[in-house]
1. Restricting the range 61-81 to residues that are surrounded by 19 or more Cβ atoms within 10 Å (Cβ to Cβ) and of a type in the set (Val, Ile, Thr), which is nearest to the chain's Cα centre (by Cα)?
2. For the range 95-146, enumerate the residues that are of a type in the set (Asp, Glu) and either buried (at least 24 other Cβ atoms within 10 Å of the Cβ) or under 20 Å from Val208 (Cα atoms) (or both).
3. Within the range 149-163, track down each residue that is closer than 14 Å to Thr119 by Cβ and over 20 Å from the mean Cα position of the chain (by Cα).
4. Quick test for you: out of Ser237, Ser242, Ser215, Ser249, pick the one residue that is touching a residue at least 40 places away in the same chain (Cβ under 8 Å) and surrounded by fewer than 21 Cβ atoms within 10 Å (Cβ to Cβ).
5. Quick one: count up the residues across the range 230-285 that are under 22 Å from Thr198 (Cα atoms) and in a loop (DSSP other than H, G, I, E, B).
6. Which is touching a Lys or Arg at 6+ places or on another chain (Cβ under 9 Å) and either of a type in the set (Gly, Ala, Ser) or part of a helix (DSSP H, G or I) (or both), of Val84, Val55, Val51, Val22?
7. Could you say which residue among Thr30, Thr13 is in a strand (DSSP E or B) and either free of Cβ contacts under 8 Å to residues at least 12 places away in the same chain or of a type in the set (Ser, Thr, Tyr) (or both)?
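What follows draws every value from the coordinates through simple rules; no lab data is involved. Everything numeric in this text was worked out from a predicted model, so none of it was measured. Cβ placement follows ideal geometry from the backbone for every residue including glycine, while neighbour counts extend to all protein chains displayed.
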Amino acid sequence: METVLQSRTRTVTIGAGRPFCVIGERINPTGRKAFQAQLQAGDISQLDDDVAEQVAGGADMLDVNVGDPLADEIALMRAAVTRVQELTDLPLVIDSSVIEALEAGLAAYEGKALVNSVTGEDGRLEAILPIVARHGAAVIGLANDDEIPMEPRRRLEVARKIVSAAGDHGIPPEDVVIDPLAMPVGAEPRAVTLFLETARLIREELGVNTTCGASNTSFGLPGRHVLNAGFLAIAASHGLTSAIMDARSEVVVDGARAADFLLGHDEWGARWIASHRAKQAAAQA
């Protein structure tokens, strides 16, 4: 099952056997006080640097989140999506918890976007899925409802509900990307093993693609980039097909690309070798 996303000129396909889809997470004001202040002033100039750094790092898609409680998120989302499309041809993820902001972002987008996200709560499903269907987008479904279940089978059932509800709105299973819920391993020692089991169940029983916020896993711990790289390689071997992650970090992106090679998703290591040669050439220059 393959999820196809598009910009005006580029297509990215997420699927088992395909190269891992790196979704850059940087366009997000969480934990960035300076960026928050800029957004509150209606200033989106920071996007120029954020986009350039993530494209250079090897992102396949970019997540766009401009949510700040003191800012006009609807107007900012419209402006941000327009600006990012001027800066890159990478397909976009429209990321907001505000329904009107999702609408604004999708209306400004030229292509087939991925919407981040919907949960299994009935109210959220009925509010968000019609918008996704109307704009011909795909959607990320978080495997939680009014609570965050810990048991993989419970997460699977929430995921099944989301896929079914999407189908009721005319959204095919291939356009539903499930997040098995990556949680901080520093707070819950079983977080990664529960995630891996959930990802395996989703792959085997639903067959849909999966994603996660990869940086959540290492929250509060030292050596975060190394931990995230290790997590992504292990998760890819259990069926994870994409992640919202730090595309500026060479070690994290290389971890995902190494997994592609070792799992047979990068035929003859062509992408891995080309990347290595490009780095050598840049260093020599």
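1. Out of the qualifying residues, it is Val64.
2. Taking the range 95-146 first, the residues of a type in the set (Asp, Glu) are 95, 100, 103, 110, 121-122, 126, 145-146.
Listed by number, the residues that qualify are Asp95, Glu121, Asp145.
3. The initial filter retains those residues of the range 149-163 that are closer than 14 Å to Thr119 by Cβ, namely 149, 154-155, 157-163.
Scanning the range 149-163 gives Pro149, Arg154, Glu157, Lys161.
4. Ser249
5. 6
6. Val51
7. Working: Thr30 fails: in a strand (DSSP E or B).
Every option except Thr13 fails the conditions.
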